[in-house]
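The block underneath contains the structure these notes are about, expressed in structure tokens.
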Amino acid sequence: MTTTVGYDIGGAHLKVAAVEDGRLVLVRQIACPLWQGPERLDAAFDEAAGLTGAAAIHSVTMTAELTEIFESRQAGVVAILQKARERLHGDIRVFLGLKGFGSVEAANADPLSVASANFLASARLIANRRPKLLLIDMGSTTTDIVACDRPQGLTDAERLQTGELVYTGLTRTPVASVATRALLAGEWQGLARDAFATMADVRRIIGDLSGDVDIHATTDGRGKSIAESLARFARGFGRDADMRHLATWQAAAAYVRERQLRTLHDGALQVLSRPGLDITSVVAAGIGAADAEAIAARLGRPCVNFGALIDAPAEHRVWATRCAPAVAVALLQEK
């Protein structure tokens, strides 16, 4: 039986998914803070090798070429593919977006088709299985909003214009990039435009963050308790935290989360405003799938999780949903 492994190489995570005869048998997310140096990707590949080393086919997509350690996106693609070639043993096939799959050599000759094309893999797999679906895939850093039958933008630059890419995510996004003011104890409060806190802090304060996706260090290197998260969040208000007033701070945090949801809703409305588009349902994906479900409800459309669209055991469906592009490039490669 041939095992095909899909890899979604991001700037914060390496996601891997193994399939056999069209059925998902393994899916994992591995922390990979690539901005700290290329050796982080080496370590992530080493960790993945214990899970996927025996695979015959390795199917690769990426967004990590945007990481600031690379001088350009093209240079990032080439460097990441070189790492893949060094670490993966077997037949490596690279996803080139609309051009399908190619060899490492073909990908090196056309790096811009490889760059940040992972959303197209998810969209293609979904469109092959069910028409008229809108994908909302919320990761740790960004959110993809794609009409799977008719993606419009291909590059990040184009997708930032079309609403298909919203640069906000469940955990790593700084609070100051979501809101410049917030409600606090019945009054508007301006926020310091600094990276004191992230949306992970916001979600810890309101009790809305699963520990298994809360895997990156905090902005100050301290812990992830509610008190420590609140201290970072309050700093953005120019204040010190006071746990005696936790409910007041939770209301402020809930407002910031609502501001983030509104940007996703706006992106979805922009995508859906395209003439001739017929969308009946939403597919929720990413670690922020619950927020994607909330946007579907605001749009008045039914929602299904990505993991329910594929042939996967029940125990893998949550992580299949969270790692949709890795699953997609593995399943597409088997066709």
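Rule-based calculations on the coordinates, nothing more; no lab input. Predicted, not measured: the structure shown is a model, and the values here were computed from it. In this analysis, Cβ positions are derived from the backbone assuming ideal geometry, glycine residues included, and neighbour counts consider all displayed protein chains.
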Across the chain, how many lysine pairs separated by 8 or more positions, or lying on different chains, have Cα atoms within less than 25 Å? 8
Out of the DSSP beta bridges found with both residues in region 132-305, what percent are antiparallel (nearest 5)? 60 percent
Note the direction-averaged projected area, equal to a quarter of the hull surface, for the Cα convex hull of region 132-305, in nm². 10.3 nm²
Scoring region 12-134 by relative contact order with C-alpha pairs under 8 Å, at least six apart, yields a percentage of 20 percent
Fewest-first ordering of Tyr7, Tyr255 by Cβ atoms within 10 Å yields Tyr255, Tyr7
When the chain is fully extended, how far beyond the present Cα-Cα distance does Ser273 get from Ser72, taking 0.36 nm per residue of separation? 69.1 nm
So, with points 7 Å from each Cα along the Cβ direction, the Leu183-Arg23 label distance in nm works out to 5.1 nm
From the list (1) 20.9; (2) 21.8; (3) 20.3, can you say which value of Kirkwood radius over Cα pairs in Å was derived from the structure given? (3)
Relative contact order, percent, of region 132-305 when contacts are C-alpha pairs under 8 Å separated by at least 6 residues? 29 percent
By DSSP, what percent of the beta bridges with both residues in the chain are antiparallel, rounded to the nearest 5? 60 percent
Each label point is 7 Å from the Cα along the Cα-to-Cβ direction; what then is the distance between the points at Thr155 and Ala308, in nm? 3.8 nm
Residues of region 304-323 with the amide nitrogen closer than 20 Å to a label point 7 Å from the Cα of Glu334, along Cα-to-Cβ, please. 305-323
I need the semi-axes of the equivalent ellipsoid of region 214-267: take the C-alpha gyration tensor, multiply each eigenvalue by 5, square-root it, list largest first in whole angstrom. 21, 16, 10
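Between Gln82 and Asp212, what FRET efficiency follows from the Cβ-Cβ distance if R0 is 30 Å, with the result rounded to 0.05? Working shown, then result.
Working: r = 31 Å, r/R0 = 1.04.
Approximately 0.45, to the nearest 0.05.
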Environment charge of Ala127, counting only residues whose C-beta is closer than 12 Å and scoring Lys/Arg +1, Asp/Glu -1: +4
May I ask you to derive the FRET efficiency for Ala43 and His89 from their Cβ-Cβ distance with R0 = 22 Å, giving the value to the nearest 0.05? 0.80
Based only on other Cβ atoms within 10 Å, what is the fewest-to-most ordering of Ile279, Ile287? Ile279, Ile287
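Scale the Cα Rg of region 1-149 by the rule-of-thumb value 2.2 N^0.38 Å and send over the ratio, two decimals.
0.99
Quick one: Lys15, Lys132, fewest Cβ neighbours within 10 Å first, how do they rank? Let's see the in-between values first.
Values: Lys15 26, Lys132 14.
Starting with the residue having the fewest Cβ neighbours, the order is Lys132, Lys15.
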